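Some notes on the structure that comes next.
The values are calculated or read from the model by the stated rules, or taken from the named source; none is laboratory data. Computed from a predicted structure; not experimentally measured. All Cβ positions, even for glycine, are placed from backbone atoms using ideal geometry, and neighbour counts span all protein chains on display.
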Amino acid sequence: MKKAFLLVGLLAVGWNHSQAQSKPQQNVTTCQKWTQADKKLNVLYRQILTLYASNPVFLKAFKASQVAWLKFRDAQEEALYPTQPGQSKQVTYGSVYTSCNCAVLTDLTTARNRQLQLWVDGIEEGDVCSGSVRRKP
C-alpha cells in the first residue's frame with residue numbers, strides 16, 4: 001500500500017513539474033533537444049566522410065542511405081501529422097503539435113545517430129557481419 005501511495009505521489013510531482021512550463025517554453029525545450037540531435041547527426045556525417053574518404057564505393061552508398069533516411073524521416077513525420085491541402089498542422093493538431101513533432105524528430109534522429117556512431121567508433125576485430133564498418137583503431 002505504501003508503494004502505491006509513493007507511486008501516486010511521484011506521478012503527481014512529475015505532473016506538477018511538467019505543468020510548470022508554459023506551452024511555448026515546452027516547445028522550446030523539446031525543439032532544442034531535436035536541434036542538438038540534428039547537430040550531432042551532422043557532426044557524425046562529416047566524421048564518416050572523413051574517416052572513409054579512401055573508400056569511394058562506401059561513400060556513394062552511404063550518401064544514398066543518408067538521403068533515403070532524410071526522406072524517410074520527413075515521410076514519417078507527414079504520416080504522423082497529415083493535413084488537408086491548405087490547412088496548417090498547428091490548426092489541425094493544436095498547441096501540442098510543435099512539441100510532439102519535435103519529440104518525434106528527436107527520436108528518429110537519435111536512432112539514426114546510434115546507427116552512424118557505429119561507423120565512427122568502429123567494431124572489434126572478429127565481427128563477421130560488420131560489412132563496411134571499419135575495425136576499431
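So which of 7, 11, 44 ends up being assigned to a helix (DSSP H, G or I) and at pLDDT 50 or above?
Working: 7 fails: at pLDDT 50 or above; 11 fails: at pLDDT 50 or above.
Criteria check complete, one pass: 44.
Got at least one residue in segment 101-109 being of a type outside the set (Val, Ile, Thr), in contact with a strand residue (DSSP E or B) (Cβ under 6 Å, 6 or more places away or on another chain) and at negative phi?
Residues of segment 101-109 that are of a type outside the set (Val, Ile, Thr), as a first pass: 101-103, 105, 107-108.
Then drop every residue that is not in contact with a strand residue (DSSP E or B) (Cβ under 6 Å, 6 or more places away or on another chain), which leaves none.
Checking segment 101-109: not a single residue is of a type outside the set (Val, Ile, Thr), in contact with a strand residue (DSSP E or B) (Cβ under 6 Å, 6 or more places away or on another chain) and at negative phi.
Which residues, taken from segment 110-123, are among the polar types (S, T, N, Q) and over 16 Å from residue 62 (Cα atoms)?
Here is the first cut: in segment 110-123, the residues among the polar types (S, T, N, Q) are 110, 113, 115, 117.
Within segment 110-123, 110 is the sole residue that qualifies.
Could you go through segment 34-47 and let me know if any residue there is among the acidic types (Asp, Glu), without any contact (Cβ under 8 Å) to a residue 40 or more places away in the chain and touching a helix residue (DSSP H, G or I) at 6+ places or on another chain (Cβ under 9 Å). Reasoning before the result, please.
Initial filter on segment 34-47 (among the acidic types (Asp, Glu)): 38.
Filter once more, keeping what is without any contact (Cβ under 8 Å) to a residue 40 or more places away in the chain: none.
No, the conditions are met nowhere in segment 34-47.
Looking at this structure, is residue 86 modelled with pLDDT under 95 and over 24 Å from residue 42 (Cβ atoms)?
On the way: modelled with pLDDT under 95: yes; over 24 Å from residue 42 (Cβ atoms): yes.
When the stated conditions are applied, residue 86 passes them.
Considering only segment 90-112, I want to know if a residue exists there that is within 17 Å of the chain's Cα centre (by Cα) and assigned to a loop (DSSP other than H, G, I, E, B). Please lay out each step first, then the result.
We begin by selecting, within segment 90-112, every residue within 17 Å of the chain's Cα centre (by Cα); these are 97-112.
From what's left, assigned to a loop (DSSP other than H, G, I, E, B): none.
Among the residues of segment 90-112, not one is within 17 Å of the chain's Cα centre (by Cα) and assigned to a loop (DSSP other than H, G, I, E, B), which makes the answer no.
Given the conditions (1) of a type outside the set (Lys, Arg); (2) under 26 Å from residue 131 (Cβ atoms); (3) surrounded by fewer than 16 Cβ atoms within 10 Å (Cβ to Cβ), report the number of the one that residue 88 does not fulfil.
Condition not satisfied by residue 88: (2).
Here are the criteria: (1) modelled with pLDDT of 95 or more; (2) over 28 Å from residue 134 (Cβ atoms); (3) of a type outside the set (A, V, I, L, M, F, W, C); (4) assigned to a loop (DSSP other than H, G, I, E, B). Tell me which single one residue 54 does not satisfy.
If we test residue 54 against (1) modelled with pLDDT of 95 or more; (2) over 28 Å from residue 134 (Cβ atoms); (3) of a type outside the set (A, V, I, L, M, F, W, C); (4) assigned to a loop (DSSP other than H, G, I, E, B), just (2) comes out false.
Looking at this structure, is residue 72 modelled with pLDDT of 95 or more and over 19 Å from residue 111 (Cβ atoms)?
Details: modelled with pLDDT of 95 or more: yes; over 19 Å from residue 111 (Cβ atoms): no.
Against the criterion (modelled with pLDDT of 95 or more and over 19 Å from residue 111 (Cβ atoms)), residue 72 does not qualify.
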